[in-house]
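Each value in this text was obtained by applying a stated rule to the coordinates, not by laboratory testing. The model shown is predicted, which means the values in this text are computed figures rather than measured ones. Here the Cβ positions follow ideal geometry from the backbone for every residue, glycine too, while neighbour counts run over all protein chains shown.
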Amino acid sequence: MRIDSAGLPFIVGTLVLAVLSAATVGWGLAIPFALAGAFFAFFFRDPDRRGHVGVGDDAVLSPADGRVLVAGPAMAEAAPPGSWQQVSIFLSPMDVHVNRLPVSGRVTRVSFMAGRFLPAYRHDAATANERCEVWIDHGGELVVVR
């Protein structure tokens, strides 16, 4: 299992604070920092996934851990122009926060949209939050992953 590099500043920072606190103030302050470091390591974990082995090119796999909130026609304001199907997955703090590509194919576009950091349960989060889009040509069908 790997740790996503985006989490390293959080993990290292809280563990350094834990060591400094233990050396200067005592364990009473060090323990919360050590627990925070452990939480960040858990949150930013990136376990190996082997579920794709032996699956055909036409398969669609789940791109993320979590709970499916929406499956069906895409919200017009959250999708590119055209007719799309949408699958929205909510990631709780206990889920692995890594999104993978759900299909085989050729990546044709990657774009980043700066935005806010609204809670995922808010309806406007799909359009207002910061996100990255990956467009994949999947045998003539276009798949967009956000």
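Things worth noting here:
- The alpha carbon radius of gyration of the range 1-92, expressed as a multiple of 2.2 N^0.38 Å, is 1.65.
- Label zone at ALA114, where the point sits 7 Å out along the Cα-to-Cβ direction: the range 1-37 residues whose backbone N lies under 11 Å: none
- Gain upon complete extension [ALA59, LEU91; 0.36 nm per residue less C-alpha separation]: 9.3 nm
- Legend: P(r) of the range 2-46 from all alpha carbon pair distances, 5 Å bins from 0, whole percents, reading 6, 30, 27, 18, 11, 7, 1.
- What the phi angles of the range 137-146 give under the Karplus curve with 6.51, -1.76 and 1.60, with θ = phi - 60°, is a coupling list of 7, 10, x, x, 9, 8, 10, 10, 10, 10 Hz, glycine and proline written as x.
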